[in-house]
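A short write-up of the structure that comes next.
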Amino acid sequence: MFTAADFIPETYTSTIEKGNFEWSAPSNIALVKYWGKKENQIPANPSVSFTLNNCKTVTKLTFEKKSISTPHNVTTEFSFDLLFEGKPKEDFKPKIKKFLERIEVYLPFLKDYHFTIDTQNTFPHSSGIASSASGMAALAMNFMNLEKKLNPEMTEDYFYQKASFLARLGSGSACRSVKGNVVVWGTQANIKGSSDLFGVEFPHTIHENFKNYQDTILLVDKGEKQVSSTVGHDLMHNHPYAERRFAQAHENLDQLIAIFESGNLEEFIKVVESEALTLHAMMMTSMPYFILMKPNTLQIINAIWKYRAETNIPVCFTLDAGANVHVLYPENVKEKVLQFIKNELVGFCQNGQYICDEIGEGAIAL
Ligand code: PMV
């Protein structure tokens with residue numbers, strides 16, 4: 001069993017003065033949802049997600065060791081510039097500073113360097129697609145790349161585990177954006193190696209039906225969310241249904257183990273849609289209560305149910321903490337489902353916008 005202390009490094013064997021790395025990391029879409037957490041970003045229940053392929057953040061990290069002559073005390077402050085799409089972005093800095101503070105004990109070199117973090121997303125800005133998962137994962141990959149230079153003996157397993165561990169401290173679900181098609185985060189008795197501290201590649205058989213699984217993201221509402229995930233997670237403390245919900249997530253994850261193996265899409269759809277609606281039911285039954293779905297979210301859900309009943313095509317939906325709808329379906333019905341989306345669902349999207357994505361591999365060094 002890993003503990004957080006396993007990620008505190010001993011002395012480094014190498015040095016590096018300056019350089020740069022560039023990593024991309026994708027977004028991910030949870031099938032069993034993480035909603036509710038304990039201290040230090042420990043999830044209240046395990047979750048599992050499909051890693052996406054097209055929606056990603058690309059981050060370049062440039063670093064240079066501070067010299068003794070640098071003004072201010074060289075080792076007591078973080079020093080970094082932040083660029084978003086090539087331009088300085090001051091309002092992102094507090095979030096990054098907080099992230100650096102959280103991970104400093106695990107990366108004790110952070111105050112020795114000046115960093116330039118240059119980041120951009122492949123999906124439209126303010127599309128309502130959370131960039132925190134891909135963004136924190138891409139940054140964590142870069143920092144791990146630097147740690148690997150300082151400790152070249154590091155194993156590949158440690159590299160990815162610790163990258164996921166660090167990403168988690170930035171944004172919980174970011175730990176599922178590091179490596180693998182299907183990623184589990186949170187301890188689950190039947191999933192060997194699963195951990196509350198980092199995401200792991202789903203270790204059991206995955207049926208061909210899930211190969212290149214498609215996710216078309218319908219952009220229903222691109223506005224700022226009224227309630228952030230942070231507040232939503234917090235409202236699971238003292239929530240009347242919390243304990244039962246956390247137990248249900250374990251049950252649904254166990255069911256998915258069997259479903260991934262058999263390829264039973266009917267059962268897959270039941271678990272996935274129930275998880276999406278349960279997530280939103282938790283929001284509606286929090287105190288204070290809130291609703292993130294919009295009228296068009298429900299229109300889309302009903303249209304999917306009608307289409308599925310009429311055609312028997314195994315298309316389903318999931319939701320994250322917002323109004324957008326992720327339409328999930330196997331690759332062999334791609335043409336038909338895209339036609340259905342164009343004919344019947346695009347009208348419910350803001351400015352007719354949607355993004356075609358599919359299952360992907362995780363972070364990549366560029
Ligand atoms: O990682 P956070 O704190 O933004 O929370 C994400 C929560 C959901 O997207 C709603 C569910 C999930 O497991 O990704």
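The values are calculated or read from the model by the stated rules, or taken from the named source; none is laboratory data. Here the structure is a predicted model, which is why all the values come from computation and not from measurement. Every residue, glycine among them, receives a Cβ derived from its backbone with ideal geometry; neighbour counts consider all protein chains shown. The protein model used for the area step is the full one, side chains on, heavy atoms only, and it has no ligands, DNA or RNA in it. Shrake-Rupley method; radii C 1.70, N 1.55, O 1.52, S 1.80 Å.
Where residues in the stretch 286-332 are in a loop (DSSP other than H, G, I, E, B) and aromatic (F, W, Y), which of them is most open to solvent (accessible area, probe 1.4 Å)? Lay out the reasoning, then the answer.
At the first step, the residues of the stretch 286-332 found to be in a loop (DSSP other than H, G, I, E, B) are 286-294, 312-315, 320-324, 330.
Cutting the leftovers down to aromatic (F, W, Y) gives us 289-290.
Values: Y289: 153, F290: 23 Å².
Per the stated criteria, the residue is Y289.
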If you take the residues in the stretch 189-213 that are crowded, with 20+ Cβ neighbours inside 10 Å and assigned to a strand (DSSP E or B), which one is nearest to the ligand (Cβ to nearest atom)? G199
Failed item, numbered, when Q350 is tested on (1) in contact with a strand residue (DSSP E or B) (Cβ under 6 Å, 6 or more places away or on another chain); (2) assigned by TED's automatic domain parsing to the domain that holds K225: (1)
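Residue-by-condition table, conditions (1) under 24 Å from Q41 (Cα atoms); (2) assigned by TED's automatic domain parsing to the domain that holds C175; (3) open to solvent by 70 Å² or more (accessible area, probe 1.4 Å):
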residue: K87; (1), (2), (3): no, yes, yes
residue: E90; (1), (2), (3): no, yes, yes
residue: E101; (1), (2), (3): yes, yes, yes
residue: E104; (1), (2), (3): yes, yes, no
residue: M141; (1), (2), (3): yes, yes, no
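Out of V184, V272, I need the residue that is open to solvent by less than 10 Å² (accessible area, probe 1.4 Å), within 14 Å of the ligand (Cβ to nearest atom), in contact (Cβ under 8 Å) with a residue 12 or more places away in the chain and not in a helix (DSSP H, G or I). Which one? Give the derivation first.
On the way: V272 fails: not in a helix (DSSP H, G or I).
None of the other options fit; the residue is V184.
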What is the residue count in the stretch 1-52 for residues that are touching a Leu at 6+ places or on another chain (Cβ under 7 Å), surrounded by 24 or more Cβ atoms within 10 Å (Cβ to Cβ) and within 24 Å of E147 (Cα to Cα)? 3
Which condition from (1) over 22 Å from V32 (Cα atoms); (2) in contact with a strand residue (DSSP E or B) (Cβ under 8 Å, 6 or more places away or on another chain); (3) surrounded by fewer than 21 Cβ atoms within 10 Å (Cβ to Cβ) is the one that D157 breaks? (2)
I want to confirm something. Restricting to the stretch 217-247 and keeping residues that are assigned to a helix (DSSP H, G or I) and over 21 Å from the mean Cα position of the chain (by Cα), which single residue is surrounded by the fewest Cβ atoms within 10 Å (Cβ to Cβ)? R244
